[in-house]
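Novice: Have a look at this one before I ask anything.
The values are calculated or read from the model by the stated rules, or taken from the named source; none is laboratory data. Treat the numbers as computed from the prediction; the structure is a model and nothing was measured. Every residue, glycine among them, receives a Cβ derived from its backbone with ideal geometry; neighbour counts consider all protein chains shown. Only protein heavy atoms, including side chains, enter the accessible area calculation; ligands, DNA and RNA are left aside. Shrake-Rupley method; radii C 1.70, N 1.55, O 1.52, S 1.80 Å.
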Amino acid sequence: MSQNSFVNLPVRVRRQPSRESFSIPARSRLYGIEPREAGTLWVESLTSYTNRLGWMHRVSPKVLVAQELVPHLGREYLYGNSNLGSCCRGGWFMHVNGNGSLAQEWSTILEQLTTRSGLLSLTSHLWMGHLSPRGHLRVMPSWCPVCYAEWKEQKVPVYQPLLWMFRAVTICAKHTVQLETHCPHCQKHQSAISRRTQPGYCTQCNIWLGRTLGQEASGEVVEWQQWVVHAIEEIDMATANLECFAWENFFMSLATTLREKGMPTKLARFTGLERARLYQWIDNQSAGYTPSLEKILTFCYACGMTPLQIMRNPIALGNCIAQSVPRSRTPQPHSLAPKLDRERCLELIRAVLDGQEQPIGFTQAAKRLGYSASALRRNFPQECSLMTERAREYRKQRKQQREASVYEEVRQAVITLHNQKIFPSQSQVQRLLSNRNLLTMPIARRALHDTRQELGIEREK
(Lines give C-alpha, C1' and ligand atoms only; values in the text may rest on other atoms or scores of the structure.)
Protein backbone atom coordinates (compact mmCIF):
# COMPACT_ATOMS: atom_id res chain seq x y z
CA MET A 1 0.00 0.00 0.00
CA SER A 2 1.37 3.38 -1.03
CA GLN A 3 1.60 6.37 1.28
CA ASN A 4 -1.16 8.12 -0.72
CA SER A 5 -3.62 5.42 0.38
CA PHE A 6 -3.67 6.95 3.85
CA VAL A 7 -4.65 10.39 2.68
CA ASN A 8 -8.41 9.90 2.77
CA LEU A 9 -8.55 7.96 6.04
CA PRO A 10 -10.52 9.72 8.78
CA VAL A 11 -8.42 11.34 11.44
CA ARG A 12 -9.63 10.99 15.07
CA VAL A 13 -9.10 14.24 16.88
CA ARG A 14 -9.17 14.22 20.72
CA ARG A 15 -11.82 16.65 21.81
CA GLN A 16 -10.57 19.23 24.29
CA PRO A 17 -13.00 19.73 27.17
CA SER A 18 -14.18 23.25 27.60
CA ARG A 19 -13.37 25.16 30.75
CA GLU A 20 -17.07 25.42 31.47
CA SER A 21 -17.42 21.62 31.77
CA PHE A 22 -15.38 21.40 34.97
CA SER A 23 -13.44 23.64 37.35
CA ILE A 24 -10.30 22.83 39.29
CA PRO A 25 -10.48 24.12 42.85
CA ALA A 26 -7.83 26.64 43.78
CA ARG A 27 -4.84 25.12 45.50
CA SER A 28 -4.14 26.14 49.05
CA ARG A 29 -0.68 26.79 50.43
CA LEU A 30 -1.52 24.93 53.66
CA TYR A 31 -3.77 21.95 54.34
CA GLY A 32 -7.35 23.01 54.94
CA ILE A 33 -7.91 20.73 57.92
CA GLU A 34 -11.31 20.81 59.55
CA PRO A 35 -11.54 22.39 63.01
CA ARG A 36 -12.62 20.07 65.82
CA GLU A 37 -16.26 20.37 66.96
CA ALA A 38 -16.99 23.27 64.61
CA GLY A 39 -20.41 24.82 65.17
CA THR A 40 -20.72 23.56 68.76
CA LEU A 41 -19.97 24.93 72.20
CA TRP A 42 -16.81 22.77 72.24
CA VAL A 43 -15.36 24.37 69.10
CA GLU A 44 -11.58 24.28 68.80
CA SER A 45 -9.62 27.43 69.66
CA LEU A 46 -7.61 29.17 66.95
CA THR A 47 -4.26 28.56 68.69
CA SER A 48 -5.10 24.85 68.95
CA TYR A 49 -5.99 24.81 65.24
CA THR A 50 -2.66 26.51 64.44
CA ASN A 51 -0.75 23.91 66.46
CA ARG A 52 -2.48 20.99 64.75
CA LEU A 53 -1.91 22.62 61.35
CA GLY A 54 1.82 22.81 62.04
CA TRP A 55 2.12 19.15 63.00
CA MET A 56 -0.03 18.18 60.01
CA HIS A 57 2.79 19.62 57.87
CA ARG A 58 5.41 17.83 60.01
CA VAL A 59 6.92 21.12 61.19
CA SER A 60 6.99 22.88 64.51
CA PRO A 61 3.95 25.17 64.91
CA LYS A 62 6.36 27.90 65.99
CA VAL A 63 8.19 27.54 62.65
CA LEU A 64 4.89 27.57 60.76
CA VAL A 65 3.84 30.77 62.52
CA ALA A 66 7.23 32.43 61.94
CA GLN A 67 7.36 31.60 58.22
CA GLU A 68 3.72 31.69 57.10
CA LEU A 69 1.77 34.02 59.42
CA VAL A 70 4.08 36.55 61.05
CA PRO A 71 5.27 38.05 57.72
CA HIS A 72 1.64 38.93 56.91
CA LEU A 73 0.78 40.47 60.29
CA GLY A 74 0.65 44.21 60.73
CA ARG A 75 3.64 45.92 62.29
CA GLU A 76 1.60 47.05 65.28
CA TYR A 77 1.42 43.41 66.47
CA LEU A 78 5.12 42.78 66.07
CA TYR A 79 6.33 45.89 67.89
CA GLY A 80 7.86 44.71 71.15
CA ASN A 81 7.17 41.05 70.23
CA SER A 82 10.07 40.37 67.90
CA ASN A 83 11.29 37.51 70.11
CA LEU A 84 8.98 34.74 68.94
CA GLY A 85 10.21 32.29 71.58
CA SER A 86 9.21 34.54 74.47
CA CYS A 87 5.87 35.23 72.78
CA CYS A 88 5.16 31.49 72.68
CA ARG A 89 5.73 31.22 76.44
CA GLY A 90 3.98 34.48 77.25
CA GLY A 91 0.37 35.47 76.93
CA TRP A 92 0.68 37.44 73.67
CA PHE A 93 -0.45 34.55 71.48
CA MET A 94 -3.52 33.99 73.66
CA HIS A 95 -4.99 37.15 72.09
CA VAL A 96 -5.28 35.09 68.88
CA ASN A 97 -8.33 33.47 70.54
CA GLY A 98 -9.85 36.80 71.57
CA ASN A 99 -12.17 39.33 69.99
CA GLY A 100 -9.60 41.96 69.04
CA SER A 101 -8.06 42.90 65.72
CA LEU A 102 -5.24 40.34 66.10
CA ALA A 103 -7.75 37.46 66.16
CA GLN A 104 -9.49 38.80 63.07
CA GLU A 105 -6.24 39.30 61.16
CA TRP A 106 -4.85 35.90 62.22
CA SER A 107 -8.01 34.07 61.12
CA THR A 108 -8.09 35.97 57.81
CA ILE A 109 -4.49 35.00 57.02
CA LEU A 110 -5.18 31.35 57.85
CA GLU A 111 -8.31 31.38 55.70
CA GLN A 112 -6.23 32.64 52.76
CA LEU A 113 -3.51 30.04 53.34
CA THR A 114 -5.90 27.10 53.80
CA THR A 115 -8.84 28.30 51.64
CA ARG A 116 -11.09 27.28 54.54
CA SER A 117 -13.69 29.83 55.56
CA GLY A 118 -15.24 30.51 58.95
CA LEU A 119 -12.05 30.37 61.03
CA LEU A 120 -13.09 33.51 62.90
CA SER A 121 -15.61 31.28 64.70
CA LEU A 122 -12.61 29.65 66.45
CA THR A 123 -12.14 32.90 68.38
CA SER A 124 -14.31 34.60 70.99
CA HIS A 125 -15.35 37.27 68.47
CA LEU A 126 -18.88 35.86 68.13
CA TRP A 127 -19.40 35.60 71.89
CA MET A 128 -17.62 38.79 72.98
CA GLY A 129 -18.71 41.11 70.21
CA HIS A 130 -17.55 44.69 70.79
CA LEU A 131 -16.51 44.27 74.42
CA SER A 132 -12.97 45.27 75.29
CA PRO A 133 -10.55 42.59 73.98
CA ARG A 134 -8.75 42.41 77.34
CA GLY A 135 -9.65 40.55 80.50
CA HIS A 136 -11.69 37.65 79.08
CA LEU A 137 -9.01 35.07 78.32
CA ARG A 138 -6.44 33.30 80.42
CA VAL A 139 -2.82 34.37 80.25
CA MET A 140 -1.76 30.75 79.69
CA PRO A 141 -3.69 27.75 78.29
CA SER A 142 -5.51 25.28 80.55
CA TRP A 143 -6.69 21.72 79.90
CA CYS A 144 -8.71 18.82 81.25
CA PRO A 145 -6.47 15.75 81.76
CA VAL A 146 -9.46 13.39 81.60
CA CYS A 147 -10.52 14.74 78.19
CA TYR A 148 -6.96 14.28 76.91
CA ALA A 149 -6.90 10.68 78.12
CA GLU A 150 -10.29 9.90 76.55
CA TRP A 151 -9.37 11.42 73.18
CA LYS A 152 -6.10 9.50 73.08
CA GLU A 153 -7.91 6.24 73.91
CA GLN A 154 -10.53 6.96 71.22
CA LYS A 155 -7.71 7.80 68.75
CA VAL A 156 -9.17 11.18 67.84
CA PRO A 157 -7.13 14.39 67.52
CA VAL A 158 -6.27 16.02 70.84
CA TYR A 159 -7.14 19.72 70.88
CA GLN A 160 -7.99 22.64 73.17
CA PRO A 161 -11.60 23.90 73.10
CA LEU A 162 -12.13 27.64 73.03
CA LEU A 163 -14.24 27.23 76.18
CA TRP A 164 -11.11 26.34 78.19
CA MET A 165 -9.48 29.65 77.26
CA PHE A 166 -11.89 31.80 79.29
CA ARG A 167 -10.99 32.89 82.81
CA ALA A 168 -14.59 32.36 83.88
CA VAL A 169 -14.39 28.63 83.04
CA THR A 170 -12.36 26.79 85.68
CA ILE A 171 -13.63 23.20 85.47
CA CYS A 172 -14.41 20.75 82.67
CA ALA A 173 -18.16 20.67 82.11
CA LYS A 174 -18.01 17.03 80.98
CA HIS A 175 -16.05 15.54 83.89
CA THR A 176 -16.50 18.19 86.65
CA VAL A 177 -12.76 18.21 87.35
CA GLN A 178 -10.71 21.36 87.67
CA LEU A 179 -8.87 22.52 84.58
CA GLU A 180 -5.10 22.32 85.06
CA THR A 181 -2.72 25.17 84.35
CA HIS A 182 0.66 23.68 85.36
CA CYS A 183 2.40 20.53 84.21
CA PRO A 184 2.25 18.01 87.10
CA HIS A 185 5.87 17.02 86.41
CA CYS A 186 7.80 20.26 85.79
CA GLN A 187 5.16 22.63 87.29
CA LYS A 188 5.51 25.03 84.35
CA HIS A 189 2.86 26.85 82.32
CA GLN A 190 2.07 25.71 78.79
CA SER A 191 2.90 27.68 75.66
CA ALA A 192 0.00 28.80 73.49
CA ILE A 193 2.01 27.94 70.35
CA SER A 194 4.04 24.75 70.66
CA ARG A 195 7.70 24.62 69.69
CA ARG A 196 8.55 20.93 69.72
CA THR A 197 5.75 18.90 71.33
CA GLN A 198 2.61 17.30 69.93
CA PRO A 199 -0.85 18.35 71.23
CA GLY A 200 -1.55 16.92 74.67
CA TYR A 201 2.10 16.87 75.75
CA CYS A 202 3.82 19.41 78.02
CA THR A 203 5.34 22.13 75.87
CA GLN A 204 8.27 22.40 78.32
CA CYS A 205 9.19 18.82 79.34
CA ASN A 206 7.27 16.72 76.75
CA ILE A 207 5.38 14.70 79.41
CA TRP A 208 1.88 13.41 78.50
CA LEU A 209 -0.69 15.58 80.30
CA GLY A 210 -3.64 13.20 80.13
CA ARG A 211 -4.85 11.23 83.15
CA THR A 212 -7.90 9.11 83.85
CA LEU A 213 -8.55 10.99 87.11
CA GLY A 214 -8.44 14.68 87.89
CA GLN A 215 -8.91 16.90 90.93
CA GLU A 216 -12.64 16.94 91.61
CA ALA A 217 -14.31 20.29 92.22
CA SER A 218 -16.59 20.98 95.18
CA GLY A 219 -20.35 21.03 94.83
CA GLU A 220 -20.64 24.82 95.02
CA VAL A 221 -18.00 25.30 92.35
CA VAL A 222 -19.65 22.73 90.09
CA GLU A 223 -23.01 24.50 90.44
CA TRP A 224 -21.43 27.86 89.60
CA GLN A 225 -19.51 26.44 86.61
CA GLN A 226 -22.52 24.62 85.23
CA TRP A 227 -24.38 27.92 85.32
CA VAL A 228 -21.46 29.64 83.52
CA VAL A 229 -21.43 27.03 80.74
CA HIS A 230 -25.22 27.30 80.44
CA ALA A 231 -24.99 31.11 80.10
CA ILE A 232 -22.26 30.84 77.44
CA GLU A 233 -24.29 28.18 75.62
CA GLU A 234 -27.24 30.60 75.51
CA ILE A 235 -24.98 33.23 73.98
CA ASP A 236 -23.64 30.68 71.49
CA MET A 237 -27.16 29.73 70.38
CA ALA A 238 -28.18 33.39 70.13
CA THR A 239 -25.26 34.09 67.76
CA ALA A 240 -26.11 31.23 65.39
CA ASN A 241 -27.30 33.63 62.68
CA LEU A 242 -25.48 36.78 63.82
CA GLU A 243 -22.03 38.20 63.22
CA CYS A 244 -21.46 38.74 66.95
CA PHE A 245 -23.36 38.97 70.24
CA ALA A 246 -24.90 42.43 70.83
CA TRP A 247 -23.73 43.23 74.37
CA GLU A 248 -25.01 46.78 73.90
CA ASN A 249 -28.51 45.46 74.58
CA PHE A 250 -27.32 44.02 77.91
CA PHE A 251 -25.97 47.38 79.06
CA MET A 252 -29.15 49.13 77.86
CA SER A 253 -31.24 46.75 79.98
CA LEU A 254 -28.98 47.35 82.95
CA ALA A 255 -29.33 51.11 82.47
CA THR A 256 -33.12 50.75 82.46
CA THR A 257 -32.98 48.92 85.80
CA LEU A 258 -30.63 51.48 87.36
CA ARG A 259 -33.10 54.27 86.61
CA GLU A 260 -35.61 52.75 89.03
CA LYS A 261 -35.70 54.33 92.47
CA GLY A 262 -33.40 52.63 94.99
CA MET A 263 -32.26 50.04 92.47
CA PRO A 264 -28.56 51.10 92.26
CA THR A 265 -28.17 50.52 96.01
CA LYS A 266 -29.94 47.15 95.84
CA LEU A 267 -27.86 46.01 92.88
CA ALA A 268 -24.66 47.01 94.65
CA ARG A 269 -25.70 45.05 97.74
CA PHE A 270 -26.68 42.00 95.66
CA THR A 271 -23.57 41.83 93.51
CA GLY A 272 -20.89 43.31 95.73
CA LEU A 273 -20.04 45.90 93.07
CA GLU A 274 -19.77 49.59 93.88
CA ARG A 275 -22.44 51.86 92.44
CA ALA A 276 -19.76 53.88 90.61
CA ARG A 277 -18.59 50.72 88.86
CA LEU A 278 -22.11 49.86 87.74
CA TYR A 279 -22.49 53.32 86.22
CA GLN A 280 -19.16 52.80 84.44
CA TRP A 281 -20.63 49.69 82.86
CA ILE A 282 -23.56 51.54 81.32
CA ASP A 283 -21.53 54.63 80.46
CA ASN A 284 -18.51 52.81 79.01
CA GLN A 285 -18.14 55.19 76.06
CA SER A 286 -17.27 58.16 78.24
CA ALA A 287 -15.53 56.17 80.98
CA GLY A 288 -13.53 54.06 78.53
CA TYR A 289 -14.24 50.89 80.49
CA THR A 290 -16.09 47.67 79.72
CA PRO A 291 -16.22 44.71 82.11
CA SER A 292 -14.77 41.30 81.32
CA LEU A 293 -16.94 38.27 80.66
CA GLU A 294 -16.03 36.89 84.08
CA LYS A 295 -17.23 40.10 85.79
CA ILE A 296 -20.47 40.10 83.81
CA LEU A 297 -21.19 36.45 84.57
CA THR A 298 -20.42 36.93 88.27
CA PHE A 299 -22.83 39.88 88.33
CA CYS A 300 -25.57 37.91 86.54
CA TYR A 301 -25.09 34.85 88.77
CA ALA A 302 -25.62 36.99 91.85
CA CYS A 303 -28.79 38.38 90.27
CA GLY A 304 -30.08 34.92 89.38
CA MET A 305 -30.42 35.70 85.64
CA THR A 306 -28.29 34.95 82.59
CA PRO A 307 -27.04 37.81 80.38
CA LEU A 308 -29.49 36.80 77.64
CA GLN A 309 -32.43 36.83 80.06
CA ILE A 310 -31.51 40.33 81.24
CA MET A 311 -31.27 41.50 77.63
CA ARG A 312 -34.66 40.13 76.67
CA ASN A 313 -36.55 41.26 79.77
CA PRO A 314 -34.95 44.25 81.56
CA ILE A 315 -38.00 44.63 83.83
CA ALA A 316 -37.48 41.09 85.16
CA LEU A 317 -34.09 42.08 86.62
CA GLY A 318 -35.64 44.71 88.85
CA ASN A 319 -38.40 42.33 89.97
CA CYS A 320 -35.83 39.60 90.71
CA ILE A 321 -33.74 41.96 92.85
CA ALA A 322 -36.78 43.27 94.72
CA GLN A 323 -38.14 39.81 95.59
CA SER A 324 -34.97 37.75 96.15
CA VAL A 325 -32.42 37.35 98.89
CA PRO A 326 -28.77 38.14 97.98
CA ARG A 327 -26.76 35.06 97.03
CA SER A 328 -23.56 34.10 98.72
CA ARG A 329 -20.26 35.06 97.12
CA THR A 330 -19.46 33.25 93.88
CA PRO A 331 -17.25 30.24 94.75
CA GLN A 332 -13.77 30.25 93.24
CA PRO A 333 -11.98 26.90 92.88
CA HIS A 334 -8.51 28.38 93.22
CA SER A 335 -9.32 29.34 96.83
CA LEU A 336 -9.75 25.67 97.74
CA ALA A 337 -6.51 24.00 98.81
CA PRO A 338 -6.02 20.52 97.30
CA LYS A 339 -5.99 17.62 99.73
CA LEU A 340 -2.40 16.63 100.53
CA ASP A 341 -1.36 13.12 99.48
CA ARG A 342 1.07 12.12 102.26
CA GLU A 343 2.32 8.95 100.57
CA ARG A 344 3.14 10.80 97.36
CA CYS A 345 4.92 13.55 99.30
CA LEU A 346 6.95 11.09 101.37
CA GLU A 347 7.97 9.22 98.24
CA LEU A 348 9.61 12.34 96.77
CA ILE A 349 11.08 13.47 100.11
CA ARG A 350 12.73 10.07 100.72
CA ALA A 351 14.08 10.00 97.16
CA VAL A 352 15.72 13.40 97.71
CA LEU A 353 17.15 12.56 101.14
CA ASP A 354 18.43 9.15 99.97
CA GLY A 355 20.26 10.67 97.03
CA GLN A 356 18.02 9.11 94.36
CA GLU A 357 16.89 12.60 93.31
CA GLN A 358 18.90 15.79 92.91
CA PRO A 359 18.93 17.75 96.20
CA ILE A 360 16.16 20.35 96.17
CA GLY A 361 14.61 22.54 98.84
CA PHE A 362 11.13 21.94 100.19
CA THR A 363 9.80 24.94 98.21
CA GLN A 364 10.87 23.32 94.94
CA ALA A 365 9.48 19.99 96.12
CA ALA A 366 6.14 21.61 96.93
CA LYS A 367 5.93 23.11 93.43
CA ARG A 368 6.75 19.74 91.92
CA LEU A 369 4.02 18.07 93.98
CA GLY A 370 1.48 20.81 93.29
CA TYR A 371 1.08 21.95 96.92
CA SER A 372 1.97 25.11 98.80
CA ALA A 373 5.33 25.26 100.57
CA SER A 374 3.63 26.06 103.90
CA ALA A 375 1.42 22.95 103.62
CA LEU A 376 4.45 20.72 102.99
CA ARG A 377 6.43 22.18 105.88
CA ARG A 378 3.42 21.99 108.21
CA ASN A 379 3.02 18.26 107.56
CA PHE A 380 6.72 17.32 107.34
CA PRO A 381 8.72 19.86 109.43
CA GLN A 382 11.80 17.70 110.14
CA GLU A 383 12.06 16.36 106.61
CA CYS A 384 11.77 19.86 105.16
CA SER A 385 14.58 21.12 107.40
CA LEU A 386 16.81 18.26 106.25
CA MET A 387 15.97 18.96 102.60
CA THR A 388 16.83 22.64 103.04
CA GLU A 389 20.18 21.76 104.66
CA ARG A 390 21.03 19.22 101.93
CA ALA A 391 20.07 21.66 99.18
CA ARG A 392 22.18 24.43 100.73
CA GLU A 393 25.21 22.13 100.99
CA TYR A 394 24.65 20.89 97.43
CA ARG A 395 24.57 24.45 96.08
CA LYS A 396 27.72 25.31 98.02
CA GLN A 397 29.56 22.32 96.52
CA ARG A 398 28.35 23.16 93.04
CA LYS A 399 29.59 26.73 93.44
CA GLN A 400 33.01 25.55 94.60
CA GLN A 401 33.27 23.11 91.69
CA ARG A 402 32.24 25.82 89.25
CA GLU A 403 34.80 28.29 90.62
CA ALA A 404 37.55 25.66 90.52
CA SER A 405 36.69 24.86 86.92
CA VAL A 406 36.73 28.54 85.90
CA TYR A 407 40.00 29.15 87.75
CA GLU A 408 41.70 26.22 85.97
CA GLU A 409 40.33 27.23 82.54
CA VAL A 410 41.67 30.78 82.88
CA ARG A 411 45.01 29.48 84.21
CA GLN A 412 45.47 27.14 81.25
CA ALA A 413 44.58 29.92 78.81
CA VAL A 414 47.24 32.21 80.32
CA ILE A 415 49.88 29.44 80.20
CA THR A 416 49.01 28.60 76.59
CA LEU A 417 49.44 32.21 75.49
CA HIS A 418 52.67 32.56 77.45
CA ASN A 419 54.11 29.43 75.78
CA GLN A 420 53.20 30.96 72.40
CA LYS A 421 55.14 34.09 73.43
CA ILE A 422 51.92 36.14 73.45
CA PHE A 423 51.29 38.42 76.36
CA PRO A 424 48.17 37.04 78.15
CA SER A 425 46.15 40.23 78.21
CA GLN A 426 42.49 40.13 79.15
CA SER A 427 41.34 40.35 75.52
CA GLN A 428 43.74 37.58 74.43
CA VAL A 429 42.64 35.30 77.27
CA GLN A 430 38.99 35.90 76.44
CA ARG A 431 39.52 34.47 72.95
CA LEU A 432 40.51 31.09 74.42
CA LEU A 433 37.74 30.79 76.99
CA SER A 434 34.55 28.77 76.51
CA ASN A 435 32.59 31.87 77.49
CA ARG A 436 33.96 35.37 76.92
CA ASN A 437 32.02 36.63 79.93
CA LEU A 438 33.90 34.40 82.36
CA LEU A 439 36.40 37.17 83.12
CA THR A 440 33.60 39.19 84.70
CA MET A 441 33.70 36.68 87.59
CA PRO A 442 35.98 37.61 90.51
CA ILE A 443 37.46 34.09 90.61
CA ALA A 444 38.43 34.34 86.92
CA ARG A 445 40.18 37.69 87.38
CA ARG A 446 42.02 36.31 90.38
CA ALA A 447 43.16 33.32 88.31
CA LEU A 448 44.42 35.71 85.60
CA HIS A 449 46.55 37.73 88.02
CA ASP A 450 47.74 34.69 90.05
CA THR A 451 48.97 32.89 86.92
CA ARG A 452 50.70 35.98 85.56
CA GLN A 453 52.50 36.41 88.88
CA GLU A 454 53.39 32.71 88.87
CA LEU A 455 54.95 33.12 85.39
CA GLY A 456 56.80 36.24 86.49
CA ILE A 457 55.12 38.60 84.01
CA GLU A 458 53.19 40.57 86.62
CA ARG A 459 54.23 42.01 89.92
CA GLU A 460 52.36 41.28 93.11
CA LYS A 461 50.24 44.16 94.30
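Novice: Would you mind getting the accessible area per residue of the chain, heavy atoms of the protein chains only, 1.4 Å probe, in Å²?
Specialist: Each residue of the chain exposes 58 Å² on average to a 1.4 Å probe.
Novice: When ranked by the protection proxy of mean other Cβ atoms within 10 Å per residue, highest first, what sequence do the peptides 263-273, 92-102 form?
Specialist: 92-102, 263-273
Novice: Find, among the trypsin sites (Lys or Arg not before Pro) in segment 351-432, those assigned to loop by DSSP (not H, G, I, E, B) with at most 15 other beta-carbon atoms within 10 angstrom. Kindly include the intermediate steps, with their values, before the conclusion.
Specialist: Working: sites: Lys367, Arg368, Arg377, Arg378, Arg390, Arg392, Arg395, Lys396, Arg398, Lys399, Arg402, Arg411, Lys421, Arg431; in loops: Lys421.
Loop-located and lightly packed - Lys421.
Novice: If you project the alpha carbons of the chain onto their three principal axes, what span does each projection cover, largest first, in Å?
Specialist: 110, 91, 49
Novice: Take the residue pairs Lys188/Lys396; Lys261/Lys295; Lys155/Lys295; Lys62/Lys295 and return only those whose Cα atoms are more than 28 Å apart.
Specialist: Lys155/Lys295; Lys62/Lys295
Novice: Compute the distribution of all C-alpha to C-alpha distances in segment 87-170, in bins of 5 Å from 0, and list the percent of pairs in each, rounded to whole numbers.
Specialist: Calculated P(r), rounded to whole percents: 3, 14, 21, 21, 19, 15, 6, 1.
Novice: Mind jotting down the distance between the C-alpha centroids of segment 26-77 and segment 192-258, whole Å?
Specialist: 21 Å
Novice: Per DSSP H run of at least 4 residues, take -39500 (n - 2.57); add these up for the chain, divide by its residues and hand me the 222 nm value, nearest 500 deg cm²/dmol.
Specialist: It lands at -14000 deg cm²/dmol.
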